[in-house]
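Here the structure comes first, spelled out in structure tokens, and everything after it is commentary.
Readers should treat all values here as calculations from the given coordinates under stated rules, not as data from a laboratory. Because the structure is predicted, anything quoted here is derived from the model rather than measured. Cβ placement follows ideal geometry from the backbone for every residue including glycine, while neighbour counts extend to all protein chains displayed.
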Amino acid sequence: FLYFIERGRTRLTMNSGRGVAAMFTAVMLLAGIAAATLPRPSPRAGAPASRNMNAATIAGVLNVQSYGAVGNGVFDDTTFIQSALNQLEPGWTLLFPPGTYLATELRIPDVANITLAGTQGDGSNHGSVLKLPPTSATATGQAPRFLLAAEGFSTSQNWTGSPVFITDLAFEGPSDLVRNASAYPAAIGGVVLMNWRSRVARCVFSGFAGKAGLVIAAANINGHPIHTTQVNSRFTENTFSDNLENGFMILDPRRNANTDYFLSNNFAYRNGAYGFALETTAGGLVEGNHLYSNVKGDMWCGIGSKALRLVHNYLEGPIGLIVETINPGAAVMLANNFFEGYASVTANDGNSTLVSTANVFSNPC
């Protein structure tokens, strides 16, 4: 069931029908919610150098354990991991053998085309885990602002960082977060990127305070916006769960920096606000994701330009989709999605376009 309130003269297309409105609200009222639990990782009781990942002698491949990181879930590995990060040169890879590496405020150097790679876990073991320790266990006793961030973000640059690739790593918030969320007032998020043409694949982001488990920021840590675009980044096959606010967030209040991104085949569930919160401009593709059990809603989008495409997603929560703040001339396409809950699309004024076709609504009102 799809109900439109039409006011004015915005062009509206649904299936093959056309209407006119300066401001429209598409409301799909449905019901249904599912809950699921995934196993949590357990700390590894020691991390000697892995034979499979001991790549200290391979040109362009470094191993964090060769720099002193232990990964036993007890000792703070921040200094050793940062030392390894600082040695990366363009095109090099830093490997994290299986283990739980405690660390705070790591910085990804602004070096082109570097890779941070772990190993996927199985069952109750997440493989290679980077984890924030409880506040009381940090070296300074201060609450960390993030676990891992782009160097330019943390050093107040105002331009987009170099491409970075992150794969097969689990990022976890502090174990005392649920009991003591107020101890993290300065938290920004788990991982914060301010880079272009980057890739994040097969990673887990869980249990963080701040804006989201993974934040794609269009402004630096002091709030100064970047003056170049973050174009052509891909986020695929990741899991975002149990974060205090959002699972994944594009943080671009001006909606003019983050363009042509691909957010595909991810899971987002049990986050305190939205699974995905997207402040976005032109050319985004959100495809093949499964979102559910997020408190405020599965997906929120604020679009500032043309061609936001939401296709082949499964939005299972009672509030599935909210799209708003569509600027003049903006266009949104909803196609082949499966909705079990409420969804709305709102245009601020005229000359915006919504195309809705071949969506499935499991509980028509």
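Can you run phi through the Karplus equation (6.51, -1.76, 1.60; θ = phi - 60°) for the range 146-162 and list ³J(HN,Hα) in whole Hz, with x for Gly and Pro?
Values, residue by residue: 6, 8, 9, 8, 5, 4, x, 5, 7, 10, 6, 5, 10, 9, 5, x, 5 Hz.
Spin-label point model (7 Å from Cα, Cβ direction): what's the residue 306 to residue 265 distance in nm?
Placing both labels 7 Å beyond Cα along the Cβ direction yields 2.9 nm.
Take the alpha carbon atoms of the range 150-164, find their center, do the same for the range 310-365, and report the distance between the two centers in whole angstrom.
Value for the Cα centre distance between the two parts: 33 Å.
Going by the alpha-carbon gyration tensor, a ≥ b ≥ c the square roots of its eigenvalues, is the range 209-254 rounded (a/c under 1.5) or, if a/c is not under 1.5, prolate (a/b greater than b/c) versus oblate?
The shape class here is oblate.
Collect residues whose amide H, placed 1.01 Å from N in the peptide plane, falls under 5 Å from the amide H of residue 76; neighbours closer than 5 in sequence don't count.
none
Non-local amide H neighbours of residue 131 (under 5 Å, H modeled in plane, Pro and chain starts lacking H): which ones?
So residue 131 has HN proximity to 101, 102, 103, 172.
Over what distance in Å are the Cα centres of the range 194-208 and the range 239-285 separated?
Answer, in whole Å: 11.
Check residue 353: other-chain or 5+ apart residues with amide H under 5 Å from its amide H, H built from backbone geometry?
330, 331, 332
Residue-wise, which Karplus ³J(HN,Hα) couplings in Hz belong to the range 328-338, taking 6.51 cos²θ - 1.76 cosθ + 1.60, θ = phi - 60°, and x for glycine or proline?
These are the phi-based 3J(HN,Hα) values: x, x, 6, 9, 10, 10, 10, 9, 6, 8, 10 Hz.
Could you list 164, 311 in order of exposure, starting from the residue whose Cβ has the fewest other Cβ atoms within 10 Å?
So the residues, fewest neighbours to most, are 311, 164.
When 203, 301 are ordered from fewest to most other Cβ atoms inside 10 Å of their Cβ, what list results?
301, 203
Considering Cα pairs under 8 angstrom that are at least six residues apart, work out the relative contact order of the range 215-365 and quote it in whole percent. All intermediate terms of the calculation are to be shown ahead of the outcome.
Working: 471 pairs, mean separation 24.2, N = 151.
After rounding, I find 16 percent.
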